[in-house]
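The values are calculated or read from the model by the stated rules, or taken from the named source; none is laboratory data. For clarity, every value in this text was computed on a predicted model and none was experimentally measured. Quick note on the areas: whole protein, heavy atoms, side chains included, nothing else; ligands and nucleic acids left out. Shrake-Rupley method; radii C 1.70, N 1.55, O 1.52, S 1.80 Å.
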Amino acid sequence: EVQLVESGGGLVQPGGSLRLSCAASGFTFSSYSMTWVRQAPGKGREWVSSITSEGGSPTYTNSVKGRFTISRDNAKSTLYLQMNSLKPEDTAVYYCTTQSRTYWGQGTQVTVSS
């Protein structure tokens, strides 16, 4: 079956960094554009970043531009999100998903607080 398993979240102080990973299985990962989406407490899901199936054309929501970097390793069927200069407003559950939103992981919690 299709699985997307996010990891790498945790508690970090403002200005800190985390690298999230999303391990994919059960489908042809290399054929899919991939996306990171987050959901802050009490808010709806927000698109964060996307990358093409080949690993090109990374795009970001304005609030994370210059701080986050999306990447992927198709040989390992893994998607990454490097998060630097974290802010309290980045606190959310982070999900990886196909660009079409067909498949979702369970999410990983990121908490930015002093």
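Things worth noting here:
- For the chain, accessible area per residue (1.4 Å probe, heavy atoms of protein chains only), Å²: 50 Å²
- Aspartates and glutamates with Cα under 20 Å of Lys87, excluding same-chain neighbours fewer than 8 positions away: Glu46
- Relative contact order, percent, segment 10-112 [alpha-carbon distance under 8 Å, six or more residues apart]: 36 percent
- Taking every protein chain into account, the 1.4 Å probe leaves Lys43 with about 140 Å² of accessible area, to the nearest ten.
- Among the protein heavy atoms of segment 47-114, carbon and sulfur supply 44% of the accessible surface, probe 1.4 Å, non-protein parts ignored.
- Computed with every protein chain present, the accessible area of Val93 is close to 30 Å² [probe 1.4 Å].
- Remark on Gly10: its backbone amide H falls under 5 Å from those of Val110, Thr111, a criterion applied only to residues 5 or more positions apart or on other chains, H modelled at 1.01 Å from N.
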